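Just below is one structure, and these are the notes that go with it.
The values are calculated or read from the model by the stated rules, or taken from the named source; none is laboratory data. Quick caveat: nothing in here was measured; it's all calculated off a predicted structure. Cβ atoms come from the backbone with ideal geometry, glycine included; neighbour counts cover every protein chain shown. All accessible areas refer to the heavy atoms of the entire protein, side chains included, with ligands and DNA or RNA removed. Shrake-Rupley method; radii C 1.70, N 1.55, O 1.52, S 1.80 Å.
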Amino acid sequence: MAKDEDEIEEVEVHEIHREEVPVEDNSSNMKKALAVLLMLAALAYDASPVDFIPDIPIIGWIDDAGLTLAAGINLIQQFVGNQNASLVKLLKYAKWTFVSMVAIAVLLLGGLIALIVNLIAK
């Protein structure tokens, strides 16, 4: 059915007001508490005489620095107010990149130590 040109359809226009909804904080109190406990455990590991790698200057500090920095980055990541911020995403990737690099360094160093011990034992 075609409408006459004279016939005008009235359309009611309603303005839609968006309420600003605060961004949800995905980091629960449990995650924050766990981040604090992880940081405290990393600091206790730094202070303890027991290490994965003996504390030979520079080489022996790799595991200490790795645990402490990863725990520190995690702590900052959990306490950032907006968990959807680009800073949080950047920290997440930085943390896991750093953890991977430290794990590879520790494994390579452990392999080197095992190789040296094996050569000396022969």
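Could you give the accessible area per residue of the stretch 58-122, probe 1.4 Å, as a whole number in Å²?
On a per-residue basis, the stretch 58-122 sits at 66 Å².
By how many nm would the segment from VAL99 to LYS31 lengthen if fully extended, with 0.36 nm per residue of separation less the alpha-carbon distance?
Stretched fully, the VAL99-LYS31 segment lengthens by 22.6 nm.
Treat each spin label as a single point 7 Å out from the Cα along the C-beta direction, and report the ILE120 to LEU69 distance in nm.
With each label point 7 Å from Cα toward Cβ, the separation is 2.8 nm.
Using a ≥ b ≥ c from the Cα gyration tensor of the stretch 39-120 (square roots of the eigenvalues), is it rounded, prolate or oblate, where a/c under 1.5 gives rounded and otherwise the larger of a/b and b/c decides, a/b for prolate?
Here the stretch 39-120 falls in the oblate category.
With r as the distance between the Cβ atoms of TYR45 and ASN82 and R0 = 30 Å, compute the FRET efficiency 1/(1 + (r/R0)^6) and round to 0.05.
0.45
For the stretch 41-106, give the percent of accessible area contributed by carbon and sulfur heavy atoms, probe 1.4 Å, rounded to a whole number.
78 percent
Run the quick spin-label model on ILE56 and LYS89: label points 7 Å from Cα toward the beta carbon, then report their separation in nm to one decimal.
Once both label points are built, they end up 4.2 nm from each other.
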